[in-house]
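One structure is given below, encoded as structure tokens.
The values are calculated or read from the model by the stated rules, or taken from the named source; none is laboratory data. These numbers come from a predicted model, not from an experiment. Ideal geometry is used to build each Cβ from the backbone, glycine not excepted, and the neighbour counts take in all protein chains shown. Accessible surface is based on the protein model in full, side chains and every heavy atom, while ligands, DNA and RNA are left aside. Shrake-Rupley method; radii C 1.70, N 1.55, O 1.52, S 1.80 Å.
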Protein chains: 2
Amino acid sequence: MQKIILKPIGRVHSPIRKKKWGGREPVVSEIGLSPGYEEALEGIEEYSHLLVLYWLSRTPPRSRGRRLKIHPKSRPDLPLVGIFATRTQYRPNPIGLTQVQLLRRRRNVLRVKDLDALNGTPVLDIKPISPRTEMPAKTRVPEWYHRLWKKPLR
Amino acid sequence: MQKIILKPIGRVHSPIRKKKWGGREPVVSEIGLSPGYEEALEGIEEYSHLLVLYWLSRTPPRSRGRRLKIHPKSRPDLPLVGIFATRTQYRPNPIGLTQVQLLRRRRNVLRVKDLDALNGTPVLDIKPISPRTEMPAKTRVPEWYHRLWKKPLR
């Protein structure tokens, strides 16, 4: 299949310098878009939440799509499952996706809460949340998923 | 900034051959991954919903990021807003993102409901929905957003 070429639209400025084991940080960070995109952000401040797509740039290219199964968060007590059944960074196309709360916009800079991307991460796209399409009333998840979040992480 | 190269992991097989004006189709389609990724899907059937990332391959490259503002769904009665405040395909990196209901998996093929991608669309990634992170209790959206979906579309 053909190759697809993307170009980052900006970068994450975050206090997160190193990925901690165990997931999500309650953190405030900023997304600085290239100044030429300031106009393209107009009206975004009317949303409370956004989806941020970014490039997991620290995933070594050689590891992309090599591992087909993993233990979620490397926990051997959880089952070995396919990478597409998890949110691991070891994906064929390591695109990260996080829902964030938008705190404010100033010109080409968005201040957001709950973005778990590392400082310097290239940003690919920003999409508003569409409540009409993006919130199933009820979801079913694997049994291990509940265990993943219930057990206190070290 | 650096260029990023992606490679599709599979394709959408859908009855949708032409994008209709006005949005979402209640449609059942299939995502056929490259056979090498069958193992990477193991366990995905335990989720009810997935996020599908795909390449909006019919967006002309020259239009990428050129338009900075649009009227949502080309409706002049709705305000002119920045492209990042909408889900338009005319984005610098035209990555589509749709939440689908997973109906079944057979080997490397997922049958899904509500995928609004055209037949033949290259698929970039498949992620499970994480209820822990992906469902804000309450979202705020622009006033025009309510009008967009309230008014019956032609």
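Just round it to a whole percent: the fraction of Cα-Cα distances in the range B:1-80 exceeding 16 Å.
Value for the range B:1-80 (Cα pairs over 16 Å): 72 percent.
Per-residue Cβ counts within 10 Å, from other chains only, averaged over B:2-14: what number is that? Could the numbers behind the result be given before it?
On the way: counts 6, 4, 12, 6, 12, 8, 6, 6, 2, 1, 0, 0, 0.
Taking all residues of B:2-14 together, the mean is 5.
Quick check for you: with a 1.4 Å probe and neighbouring chains kept, what is the accessible area per residue of the range B:73-147, in Å²?
On the way: 2930 Å² over 75 residues.
About 39 Å² of surface per residue is accessible.
List, in order, the whole-Hz ³J(HN,Hα) value for each residue of the range A:114-122 obtained from phi through the Karplus relation with A = 6.51, B = -1.76, C = 1.60 and θ = phi - 60°; use x for Gly and Pro.
These are the phi-based 3J(HN,Hα) values: 6, 8, 9, 8, 5, 4, x, 4, x Hz.
Per-residue mean of other chain beta-carbon atoms within 10 angstrom of the beta-carbon, peptide B:93-99? The partial results should precede the final answer.
Numbers: counts 12, 3, 9, 2, 9, 3, 6.
Across B:93-99, the average partner-chain Cβ count within 10 Å equals 6.
Choose one answer from B:Val27, B:Val141, B:Val112: the residue with the largest mean-square fluctuation in a GNM of chain B with alpha-carbon springs under 10 Å.
B:Val141
Select from A:Val12, A:Trp55, A:Gly82 the residue farthest towards the positive end of the dipole of the range A:1-84; place +1 on Cβ of Lys and Arg, -1 on Cβ of Asp and Glu, and compute about the Cα centre.
A:Gly82
Over the protein assembly as shown, what percent of the accessible surface lies on carbon and sulfur atoms, probe 1.4 Å?
On the way: 7480 of 14910 Å².
Carbon plus sulfur share of accessible area: 50 percent.
From Cα pairs below 8 angstrom and at least 6 apart in sequence, can you work out the relative contact order of the range A:1-88, rounded to a whole percent? If you can, show how the numbers build up before the last one.
Values: 48 pairs, mean separation 16.9, N = 88.
Taking the mean separation of contacting Cα pairs over the length of the range A:1-88, I get 19 percent.
Ballpark to the nearest 100 Å², how much total accessible area do A and B bury together, probe 1.4 Å? Numbers along the way, then the final one.
Values: alone 11040 and 11030 Å², together 14910 Å².
That pair of chains buries around 7200 Å² in total.
Count, for each residue of A:107-117, the Cβ atoms from other chains sitting within 10 Å of its Cβ, then give me the mean as a whole number.
Working: counts 0, 0, 0, 1, 0, 0, 0, 2, 0, 1, 0.
What the average comes to for A:107-117 is 0.
To the nearest 20 debye, what is the magnitude of the charge dipole of the range A:21-106 about its Cα centre, counting +1 on the Cβ of each Lys and Arg and -1 on the Cβ of each Asp and Glu?
Values: 14 positive and 8 negative charges, 176 e Å.
For the range A:21-106, the charge dipole is close to 840 debye.
Restricting to DSSP H runs of at least four residues, report the calculated mean residue ellipticity at 222 nm for chain A, -39500 (n - 2.57) per run over all residues, nearest 500 deg cm²/dmol.
Working: 2 runs with 12 residues, N = 154.
Estimated from H runs of four or more residues: -2000 deg cm²/dmol.
Tell me which of B:His71, B:Ala40, B:Leu124 sits at the most positive position along the dipole axis of chain B, charges placed on C-beta atoms (Lys, Arg +1; Asp, Glu -1).
Looking along the dipole axis, the top candidate is B:His71.
Taking a 31 Å limit on the Cα-Cα distance, which of the listed pairs B:Lys69/B:Lys127; B:Lys7/B:Lys138; A:Lys138/B:Lys3; A:Lys73/B:Lys3 fall beyond it?
Numbers: B:Lys69/B:Lys127 29 Å; B:Lys7/B:Lys138 36 Å; A:Lys138/B:Lys3 38 Å; A:Lys73/B:Lys3 29 Å.
Pairs exceeding 31 Å: B:Lys7/B:Lys138; A:Lys138/B:Lys3.
What is the set of long-range amide H partners of B:Leu124 at a cut-off below 5 Å, with H atoms built 1.01 Å from backbone N?
Those qualifying (amide H under 5 Å, at least 5 residues apart or on another chain) are B:Ile9, B:Leu53, B:Tyr54, B:Trp55.
Using only Cα atoms, what Kirkwood radius does the range B:44-91 have, in angstroms?
Values: mean 1/r = 0.0783 Å⁻¹.
Over the range B:44-91, the inverse of the mean reciprocal pair distance is 12.8 Å.
What percent do you get for the relative contact order of the range B:25-151 when only Cα pairs under 8 Å and 6+ apart count?
Values: 187 pairs, mean separation 48.3, N = 127.
About 38 percent, as a whole number.
I'd like to compare B:32-44, B:54-66: which one has the highest average count of other Cβ atoms within 10 Å, and what's the full order after that?
Details: B:32-44: 18.4, B:54-66: 14.8.
Per-residue mean Cβ counts within 10 Å order the peptides as B:32-44, B:54-66.
From the phi angles alone, apply the Karplus equation (6.51, -1.76, 1.60; θ = phi - 60°) to the range B:67-72 and give each ³J(HN,Hα) in whole Hz, x where the residue is Gly or Pro.
7, 9, 9, 9, 8, x
Hey, could you get me the Stokes-Einstein D for the protein assembly as shown, Kirkwood radius over alpha-carbon pairs, 25 °C and 0.890 mPa s, rounded to whole µm² s⁻¹?
Numbers: Rh = 19.8 Å.
The diffusion coefficient I find is 124 µm²/s.
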